[in-house]
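One structure below.
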Amino acid sequence: MYFWVGAIGYPLIELAYRRRTHPSMALAGGLAAMALGRISQTDRPLWQQALLGGLVITGIEYGIGKMFNRRYRVWDYRNMPLNVQGQICLPFTLVWCGLSAAAVCLFTECRRAGKWLRRP
């Protein structure tokens, strides 16, 4: 379930923000949502979940970038500060941390609501 939420949701976010996306973003979004779903089930404080989520998403972004973004046609961070091979950069890692916090809260509340709805 988490995979499909991310696979559909992340390209929609990109379309709203950049007015374009790439099919590889569905894979990245799906993998990220699966990871965030697992992270949201831990007992860690929200700031730790957000930081871990941001780092995991940055790792996913780097891997997807090395596979699908070799010519920088999907995204290009070469002019961003503290970038690694133009594929990842610190400013967007911080953005991913913020989005991770929101996703963790959303997934946690959805699980709570689901439990409440299933009560006899």
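Within segment 65-120, restricting attention to residues that are among the β-branched types (V, I, T) and farther than 18 Å from V5 by Cβ, which residue is surrounded by the fewest Cβ atoms within 10 Å (Cβ to Cβ)?
Keep residues of segment 65-120 that are among the β-branched types (V, I, T), which gives 74, 84, 88, 93, 95, 104, 108.
Restricting the remaining residues to those that are farther than 18 Å from V5 by Cβ gives 74, 84, 88, 93, 95.
Values: V74: 19, V84: 12, I88: 22, T93: 17, V95: 14.
Top of the filtered list is V84.
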Worksheet item: Is there a residue being touching a strand residue (DSSP E or B) at 6+ places or on another chain (Cβ under 6 Å), hydroxyl-bearing (S, T, Y) and on the phi < 0 side of the Ramachandran plot anywhere in segment 39-46?
Response: no
Discussion item. Which pairs turn up if I take residues in segment 39-56 that are closer than 11 Å to W96 by Cα and surrounded by 15 or more Cβ atoms within 10 Å (Cβ to Cβ) and look for partners that are of a type outside the set (A, V, I, L, M) and modelled with pLDDT of 95 or more with beta carbon separation below 6 Å, at least 6 apart in sequence or on another chain?
Written reply: A50/C97; A50/S100; L51/C97; G53/S100; G54/T93; G54/W96; G54/C97; G54/S100
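The values are calculated or read from the model by the stated rules, or taken from the named source; none is laboratory data. Treat the numbers as computed from the prediction; the structure is a model and nothing was measured. Glycine also receives a Cβ, built like all others from the backbone with ideal geometry; neighbour counts cover every protein chain displayed.
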